[in-house]
Amino acid sequence: MNMADATNLQSLRGALRLNEPMSKHVSWRAGGVAARTYAPADLDDLCAFLRSISRTEGLYFVGLGSNLLVRDGGVRATVVFTHWALRQITLLSTGESNIEIHAGAGVASPKVARFAALHGAQGAEFLAGIPGTIGGALAMNAGCYGGETWELVSSVTTIDRAGGLHQRAPNEFHIGYRSVKSISGLADEWFVSANFKVPHGDADNASEKSRNKIKQLLSKRIASQPLQQPNAGSVFRNPLNDHAARLIEVCGLKGTRIGGAEISLKHANFIVNTGDATAADIESLIDLAQNTVREKFGITLEREVRIIGEHA
Ligand SMILES: Cc1cc2nc3c(=O)[nH]c(=O)nc-3n(C[C@H](O)[C@H](O)[C@H](O)COP(=O)(O)OP(=O)(O)OC[C@H]3O[C@@H](n4cnc5c(N)ncnc54)[C@H](O)[C@@H]3O)c2cc1C
């Protein structure tokens, strides 16, 4: 194992596990094991953990795994879970035009939407429909219904391989549609928290209006998405001026199955696990949809979901 010696690890307060099934930690409920997982006790413990491991150790940060597939052969690296520890959410300030919220990377995005609504701010409601963590939302620039995570970000704190913390401004990143890249090319930094500025609502009952908007948004999702079955949301990004779901549907692929994976009958850009899907079943369906749309329309759909690990 490529970790530092056991003495370093003994002083840590988090939970280290070996050969942890990642199917327990991703919303598709499928896939292989992670060689090691670490759930830090808190931010200090995370810093200490990163200081204790070898600089060459492969590292993945994982939130709620709602946009992630781990191949059946597993991932030979250390997966760091954020959502058990980095869960603080606080109101930093109330200014003339907005409030500022601090949220740890492990906070569930819907919690930030509800927190903003509670404090009479409007504009973070879309986060209620994104069933991941703030870390995942920052990494993906998650969004829906016209809102995107980074539109609200005033600053982020990142952690590097050596456990060092950095305060970074949005202009240090290239922010695109479901895409975020560090401008200076710093690949080995992960998000530990963010500060969000959310505008005040324009009416006396802003809080209630915001809560109603969240309710409406969630009902829309229940009506249009196969939320009863394990899935990872939209598999593909929408191509310019079109919808991946439309293209897949026109190809007649709704309901197509490979093993236990199925292109949802309810929403063609969702792949659901009908019970016993392997990661390979899911990935084969992704390839099938991509190839069929390319052959029929000459459009290459780009994956939104992230795939890591090795084939079995
Ligand atoms: C039913 C359903 C509906 C969805 N609807 C939407 C939607 O409307 N809009 C949308 O954008 N997405 C949607 N998603 C996808 C998903 O919820 C989002 O991408 C979410 O932001 C991922 O967060 P997560 O914590 O689950 O990330 P994970 O799946 O755990 O990780 C996703 C990626 O982010 C990286 N990452 C995670 N945490 C960190 C961190 N702290 N620092 C650096 N990198 C990190 C991971 O390494 C991985 O590459 C949906 C998913 C589901 C299941």
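Ignoring ligands, DNA and RNA, what accessible area per residue does the range 6-81 give at 1.4 Å, in Å²?
41
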Q. In deg cm²/dmol and to the nearest 500, what is the mean residue ellipticity at 222 nm of the chain if only DSSP H runs of at least 4 residues count, each as -39500 (n - 2.57), divided by the residue total?
A. -7500 deg cm²/dmol
Q: Can you tell me which of 162-173, 19-30 comes out highest on packing, and rank the rest after it, using the mean Cβ neighbours within 10 Å?
A: 19-30, 162-173
Q. R0 = 22 Å: FRET efficiency of Ser154 with Glu96, Cβ-based, nearest 0.05?
A. 0.90
Q. Structure shown: which of Lys181/Lys254; Lys215/Lys266; Lys220/Lys254; Lys24/Lys254 lie over 30 Å apart, alpha-carbon to alpha-carbon?
A. Lys181/Lys254
Q.
Full-extension gain between Arg257 and Asn291, please, as 0.36 nm times their residue separation minus the C-alpha to C-alpha distance.
A. 10.7 nm
Q) In nm, to one decimal, how far is the Val250 label point from the Ile183 one, both placed 7 Å along Cα→Cβ? A) 3.8
Q: If a/c stays under 1.5 just call it rounded; otherwise compare a/b with b/c (prolate if a/b is bigger, oblate if not). Do that for the range 17-131, with a ≥ b ≥ c from the square roots of the Cα gyration tensor eigenvalues.
A: oblate
Q. With labels modelled as points extended 7 Å from the Cα through the Cβ direction, what inter-label distance (nm, one decimal) is found for Gln228 paired with Lys24?
A. 2.8
Q) Rounded to the nearest 20 Debye, what is the dipole magnitude of the chain about its Cα centre when Lys and Arg each give +1 and Asp and Glu each give -1 at the C-beta? A) 520
Q) What is the extension gain from Asp204 to Gln88, computed as 0.36 nm multiplied by their sequence separation minus the C-alpha to C-alpha distance, in nm to one decimal? A) 38.9 nm
Q.
Under the 0.36 nm per residue contour assumption, what length would be gained going from the current alpha-carbon distance of Arg306 and His243 to full extension?
A. 20.8 nm
Q: Compute the distribution of all C-alpha to C-alpha distances in the chain, in bins of 20 Å from 0, and list the percent of pairs in each, rounded to whole numbers.
A: 31, 57, 11
Q: Could you tell me what % of all Cα pairs in the range 55-185 have separations over 27 Å?
A: 19
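The values are calculated or read from the model by the stated rules, or taken from the named source; none is laboratory data. Please read these numbers as outputs of a predicted model, since none were measured by experiment. As a convention, Cβ positions derive from the backbone with ideal geometry for all residues, glycine included, and neighbour counts pool all protein chains shown. Only protein heavy atoms, including side chains, enter the accessible area calculation; ligands, DNA and RNA are left aside. Shrake-Rupley method; radii C 1.70, N 1.55, O 1.52, S 1.80 Å.
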